[in-house]
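Please read the structure below before turning to the comments.
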Amino acid sequence: MAFGDSLTEGERTPAFWGSHDPGTPGIALSYPFKLWSILKATYTSQTIDVYNAGFGGEAVATSAARSRFLDALRTYAPQLVILMHGTNDLVGETDRQVIVSAMEELIGDAQARGVTVFLSSVPRQLPGVGDPPKGTAADRVPNYNEDLRRMALEEGVTFVDIYPHITDDMISRVDGLHLTQAGNQKLAEVYYEAIKGRYHVPAPTAR
């Protein structure tokens with residue numbers, strides 16, 4: 001299950017936020033859909049479900065994100081959660097420690113249910129790009145990502161650092177915040193490699 005804001009939902013238009021079915025991989029632009037496509041093509045003998053629990057516009061620390069997360073855990077009972085959240089909080093100038101504490105609560109909620117957590121960094125932003133520009137927290141992102149890295153180590157969860165993989169050309173020039181098709185594809189590939197590294201079992205060699 002992928003959990004987060006519009007970067008997870010894949011929908012840039014506020015009017016459509018929350019309109020997709022979270023019991024599916026979501027819209028084709030989104031990284032959960034692209035990740036599902038990779039998994040489906042790779043593991044053809046298995047049925048792998050991917051749930052897109054992204055909700056555009058959501059701030060993890062100042063919203064009902066935790067309640068929504070708990071509902072999603074109960075409804076879909078995922079084995080693995082990819083948690084990428086906090087971008088809207090950074091843009092809203094919420095104190096970083098408050099954001100990190102909210103993320104820590106989600107990790108604890110997942111671990112209490114035996115769910116594996118992949119804690120993701122958040123992508124870069126392009127300040128001054130778009131009309132209006134939305135990448136207003138570009139300078140806060142690196143420090144937040146380092147906070148998440150340290151927390152992942154403390155909580156014993158896997159940290160997936162997507163930041164260096166999402167280059168400037170993968171950020172939409174419409175607003176300087178959301179990802180292009182190429183950016184979402186790269187996210188899917190990075191998360192796939194993390195999943196593969198943990199779960200992939202090579203086929204037995206014929207004798």
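The values are calculated or read from the model by the stated rules, or taken from the named source; none is laboratory data. A quick note: this is a predicted structure, and the numbers were derived from the prediction, not measured. Cβ coordinates were reconstructed from backbone atoms using ideal geometry, including for glycine residues, and neighbour counts include every protein chain displayed. Ligands, DNA and RNA are stripped out before the accessible areas are found, and what is left, the full protein with its side chains, is counted by its heavy atoms. Shrake-Rupley method; radii C 1.70, N 1.55, O 1.52, S 1.80 Å.
With contacts taken as Cα pairs under 8 Å at a separation of at least 6 residues, the range 1-49 carries a relative contact order of 29 percent.
The 3J(HN,Hα) values that the Karplus relation (6.51, -1.76, 1.60; θ = phi - 60°) gives for the range 132-138 are, in residue order, x, x, 10, x, 7, 10, 3 Hz. Gly and Pro appear as x.
Pairs of lysines in the chain whose Cα atoms sit within less than 17 Å of one another amount to 5, provided the residues are eight or more positions apart or on different chains. Listed options for Cα extents along the principal axes in Å are [x] 58, 40, 31; [y] 61, 34, 31; [z] 46, 34, 32. The value calculated from this structure is the one marked [y].
For the residues GLY26, GLY92, GLY197, a GNM of the chain with alpha-carbon springs under 10 Å puts the largest fluctuation on GLY197. The trypsin sites (Lys or Arg not before Pro) found in the range 124-160 include none that occupy coil by DSSP while having at most 14 further C-beta atoms within 10 Å. Per-residue 3J(HN,Hα) values for the range 176-182, derived from phi via the Karplus relation 6.51 cos²θ - 1.76 cosθ + 1.60 with θ = phi - 60°, read x, 10, 7, 9, 7, 4, 5 Hz in sequence order (x marks Gly and Pro).
Once backbone amide H atoms are built at 1.01 Å from N, VAL117 has VAL81, THR158 as its partners under 5 Å, excluding neighbours fewer than 5 places away on the same chain. Between 0 and 90 degrees, the angle of helix 141-155 with respect to the longest Cα principal axis of the chain falls at about 40 degrees. Backbone amide hydrogens, once placed in the peptide plane, bring ILE171 within less than 5 Å of THR180, excluding anything fewer than 5 places away on its chain.
Solvent-accessible surface of the chain, taken per residue with a 1.4 Å probe and all protein chains present: 47 Å². The phi torsions of the range 103-113, fed into the Karplus equation with coefficients 6.51, -1.76 and 1.60 and a -60° offset, translate into couplings of 5, 4, 4, 5, 4, x, 4, 5, 5, 5, 9 Hz, rounded to whole numbers, with Gly and Pro shown as x. Of the beta bridges in the chain, as assigned by DSSP with both residues counted there, near 15 percent are antiparallel. These residues, SER37, SER172, go from largest to smallest accessible area, 1.4 Å probe, as SER37, SER172.
Just the protein heavy atoms count here, and of the accessible area of the range 23-144 at 1.4 Å, carbon and sulfur take up 50 percent. Of all the options ALA188, ALA28, ALA41, the one that moves most in a Gaussian network model of the chain with Cα springs shorter than 10 angstrom is ALA41.
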